[in-house]
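One structure below.
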Amino acid sequence: MLRAKGRGVRRALTDYVAARIERVAEFFGGTPAARRRRAIATLACMVGALTLARGVDDPALSKEISGRGARGVRQAVTPARE
């Protein structure tokens, strides 16, 4: 667990995640707050899908999770068609 690793590891992870959020937010339109919210949701979906897909021992389920996660992120970042 990360808490057991100490503050240095957590600080490094915080800095890394914050930088990734800023980078992902650049792909979205809207207010800075709206872009940040979308970036956090997108990053969380990506990391969650990857974690779950790698954590299960069923290859078919792993593929399904990673595929669904990728499609979900693509849908989230693609502007709606008018």
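Below are the figures for this structure:
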quantity	calculated
Spin-label model distance (nm) - Arg7 vs Ser66, 7 Å beyond Cα toward Cβ	3.8
Separation of the Arg37 and Arg54 label points, Cα + 7 Å toward Cβ, nm	3.0
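Bear in mind that the values in this text are calculations on the coordinates, not laboratory data. As the structure is a computational prediction, the values presented were derived from the model and not from experiment. Cβ atoms come from the backbone with ideal geometry, glycine included; neighbour counts cover every protein chain shown.
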